[in-house]
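**Student:** Below is a structure I'd like to ask you about.
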Amino acid sequence: MTHPSALVLFSGGQDSTTCLAHALTRYQRVETIGFDYGQRHHVELQQRQVVLRALRARFPAWRQRLGEDHVIDMAVLGQVSETSLTRDMAIELERSGLPNTFVPGRNLVFLTFAGALAYRRGLQALVTGVCETDYSGYPDCRDDTMKAMQIALSLGMDRRFLVDTPLMWIDKAATWQLAHDLGQQGDAAGGGDALVELIVEHSHTCYTGDRSRRHAWGYGCGTCPACQLRAQGWARWRPSRAAPSSD
């Protein structure tokens, strides 16, 4: 194995939880990093701890691989961003064509700090859940951006990093399927369904931070772009087993 260890950029959402499962099947030593940047959906920082505890409890094959968790204070990012993820404002499209949920430079900053931590911790791969398939057009989620960041981090720190993007070319329906496939490798009672159930019950994706409404696919407002993508992916992946939503 060229890269025996990894640092997962872990927000506590569906995508990053799936990426964490991917890392736990691929790397011998895995740590996690989260960022507090004043996000409106701050509840994700609470849920990420719930997800980590649940993974350790339900997946014995991964328990020994899952190491330390790190949370970085990135309040300055929220201070310089005028977006609907960092301000109490309606979610809408900007003149640029991008939604105002786009936080300029967020993934670039996250990867830079993750790289610095990985350097200190001796971790070789950075695993992140960005993708170009089901996304809102964010330029810092593109494959070219990730390749450029891999080169910049490796050159700037004089250490060869891998930026691992397991979701880059799959949609949300395929992300649900990937979680199911990965869960079958985690030695948990219930197999792949166990990881899907964990993601549904404990992960958080909703941009408004709403955990008062439970749907077949998890908790959320049901109307923000993140909820819509998650719900549509669930409906395409498991229409015959999806229970009616609470709406």
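Bear in mind that the values in this text are calculations on the coordinates, not laboratory data. None of these values were measured; they are calculated from a predicted model. A quick note on method: Cβ atoms are made from the backbone with ideal geometry, for glycine too, and the neighbour counts reach across all protein chains shown.
**Student:** Considering only the other residues whose Cβ falls under 9 Å of the Cβ of G190, what net charge follows from Lys and Arg at +1 and Asp and Glu at -1?
**Tutor:** -1
**Student:** In what sequence do I72, I151, I33, I199 fall when counting other Cβ within 10 Å, fewest first?
**Tutor:** Lowest to highest Cβ neighbour count: I151, I72, I33, I199.
**Student:** Segment 28-76: which GluC sites (Glu not before Pro) are DSSP loop and have at most 13 other beta-carbon atoms within 10 angstrom?
**Tutor:** none
**Student:** Considering Cα pairs under 8 angstrom that are at least six residues apart, work out the relative contact order of segment 5-211 and quote it in whole percent.
**Tutor:** That works out to 29 percent.
**Student:** What is the fewest-to-most order of V130, V50 by other Cβ atoms lying within 10 Å of their Cβ?
**Tutor:** V50, V130
**Student:** Here is a follow-up. Take T25, T133 and order them by how many other Cβ atoms sit within 10 Å, fewest up front.
**Tutor:** Final ranking by Cβ density, sparse to dense: T133, T25.
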